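Notes follow the structure.
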Amino acid sequence: MEARSIEELVYQHFFLGAHRGLDDVELKIINKGPSEVLLREREAQWVDRLRSLSPLGLNVDDFFIRKKKR
């Protein structure tokens, strides 16, 4: 299987599926933190909680989740 760029994955998700393009995009700040490390840990928690790793979601790397489980 050929690796696809994040841009290609986002495009395919929002423009080739059941979505209406960028009309379906909504951004929200859900966490703030005092450090990049803490923010990355929180991001990993959200990726895990929302099950947003590819192929179910758009996140293509679970580096922070794997690192925490070691």
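Values in this text are rule-based calculations from the coordinates and carry no lab data. It should be emphasised that the depicted structure is a prediction, and the values quoted were computed from it without experimental measurement. Note that we place each Cβ from the backbone using ideal geometry, even for glycine, and neighbour counts take in every protein chain shown.
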What's the local net charge at residue 13, with K and R +1, D and E -1, over the other residues with C-beta under 14 Å away? -3
Along region 26-34, Karplus-curve 3J(HN,Hα) (6.51, -1.76, 1.60; θ = phi - 60°) to the nearest Hz, with x for Gly and Pro, reads 9, 10, 9, 7, 10, 8, 10, x, x
